[in-house]
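K.L.:
What follows is a structure written as structure tokens; I'll ask about it next.
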Amino acid sequence: MSDSNRISPAETEAARPAAPPMRMSRPAPETSGPADGAALPVGRPARVLDPTALRLLTVADLPAYKALRDRMLSRHDHAFTSDAATEQSRDASSYRSRLHAEAGGRAMFTLGAWLGDQLVGVLTCEAEERPKVRHVAHLVGMMVDDDHQGRGIGRALLKEAIARLLQAPWLELVTLSVTASNAPAVALYRSEGFVAYGVLPRAIRQLDGHYLSKQLMMLSLRESQDAQPDFSDTENGSTLAL
């Protein structure tokens, strides 16, 4: 679970034409680490998530989205950049920006996982229209309800989000950030091909004064000759006028 997984807010590209999915350039999945950040308790039967239960959220789903978000914030404040008190005072309609364009939002989409009529997990994808960065998407706000963790819901959301992003031919990279100490979440992202490219120390200062670091991760959606960072200008001693 990682909110703001800042991953930073950005605007939509949802209405653009889609292309057939392309093969991703990512390593083979790892087998270690739980799927959602929690092991399935002994004796509790697993409930398999039907793929048809994954769908994009609409305006009608915003109350359920807020209820899940408020519940997770109250239980796992350390996993969010936002604070529970501020978010709980927000109206459900204030989250409309996280919906896709056809639903009146500004995000690419927010994907929801449903068991019956209960929203048990969500994941938002955002991107920008600015030409120089429109090739980069950002995953934010991954949440799976406590009672349904360890059942593959987080992995299902992540896989579906990646599959959708692969259909956008202008996208090349996906980024996210996750609390560095959240080992199960980090393991999930790594198992789906994300790699760490840095750590932001003291990214979050909690109300008690305790600091948390964020691990910054990325996934390459396309092969590129410039896949690796180029620090040649810095190494040659050149400077840029700011």
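The values are calculated or read from the model by the stated rules, or taken from the named source; none is laboratory data. Because the structure is a prediction, the values reported are computed rather than measured. Cβ atoms come from the backbone with ideal geometry, glycine included; neighbour counts cover every protein chain shown. For accessibility, only protein heavy atoms count, side chains too; no ligands or nucleic acids. Shrake-Rupley method; radii C 1.70, N 1.55, O 1.52, S 1.80 Å.
K.L.:
May I ask you to say which residue of Leu111, Leu139, Leu115 is modelled with pLDDT under 95 and aliphatic (A, V, I, L, M)?
P.N.:
Just a single option satisfies the conditions, and that option is Leu115.
K.L.:
Out of everything in the stretch 80-106 that is of a type in the set (S, T, N, Q) and in a helix (DSSP H, G or I), what residue ends up being farthest from Ser177 (Cα to Cα)?
P.N.:
Per the stated criteria, the residue is Ser93.
K.L.:
If I ask for residues that are open to solvent by less than 90 Å² (accessible area, probe 1.4 Å) and modelled with pLDDT under 85, which ones from the stretch 204-228 would you list?
P.N.:
Listed by number, the residues that qualify are Ser224, Ala227.
K.L.:
Among the residues of the stretch 145-185, what is the count of those that are open to solvent by 10 Å² or more (accessible area, probe 1.4 Å) and either touching a Phe, Trp or Tyr at 6+ places or on another chain (Cβ under 9 Å) or in a strand (DSSP E or B) (or both)?
P.N.:
So the count comes out to 3.
K.L.:
Here is a list of conditions, (1) farther than 23 Å from Ser177 by Cβ; (2) in contact with a strand residue (DSSP E or B) (Cβ under 7 Å, 6 or more places away or on another chain), and Leu62 meets all of them except one; can you say which number that is?
P.N.:
Evaluating Leu62 over (1) farther than 23 Å from Ser177 by Cβ; (2) in contact with a strand residue (DSSP E or B) (Cβ under 7 Å, 6 or more places away or on another chain) leaves (2) as the failure.
K.L.:
Among the residues of the stretch 47-54, are any assigned to a loop (DSSP other than H, G, I, E, B), within 23 Å of Val178 (Cβ to Cβ), at pLDDT below 95 and in contact with a strand residue (DSSP E or B) (Cβ under 7 Å, 6 or more places away or on another chain)?
P.N.:
Yes, there is a match, as at least one residue in the stretch 47-54 is assigned to a loop (DSSP other than H, G, I, E, B), within 23 Å of Val178 (Cβ to Cβ), at pLDDT below 95 and in contact with a strand residue (DSSP E or B) (Cβ under 7 Å, 6 or more places away or on another chain).
K.L.:
Return the total of residues in the stretch 110-154 being more than 14 Å from Met72 (Cβ to Cβ) and within 11 Å of the chain's Cα centre (by Cα).
P.N.:
7
K.L.:
Answer yes if at least one residue in the stretch 116-137 is buried (at least 16 other Cβ atoms within 10 Å of the Cβ), farther than 22 Å from Leu221 by Cβ and hydroxyl-bearing (Ser, Thr, Tyr), and no otherwise.
P.N.:
Looking through the stretch 116-137, none of the residues is buried (at least 16 other Cβ atoms within 10 Å of the Cβ), farther than 22 Å from Leu221 by Cβ and hydroxyl-bearing (Ser, Thr, Tyr).
K.L.:
Something else about it: Which residue pairs have Cβ atoms under 6 Å apart, sit 6 or more places apart or on different chains, and have a first residue in the stretch 51-80 that is over 24 Å from Ala163 (Cα atoms) and a second that is open to solvent by 50 Å² or more (accessible area, probe 1.4 Å)?
P.N.:
Hits for this filter: Asp70/Gln88.
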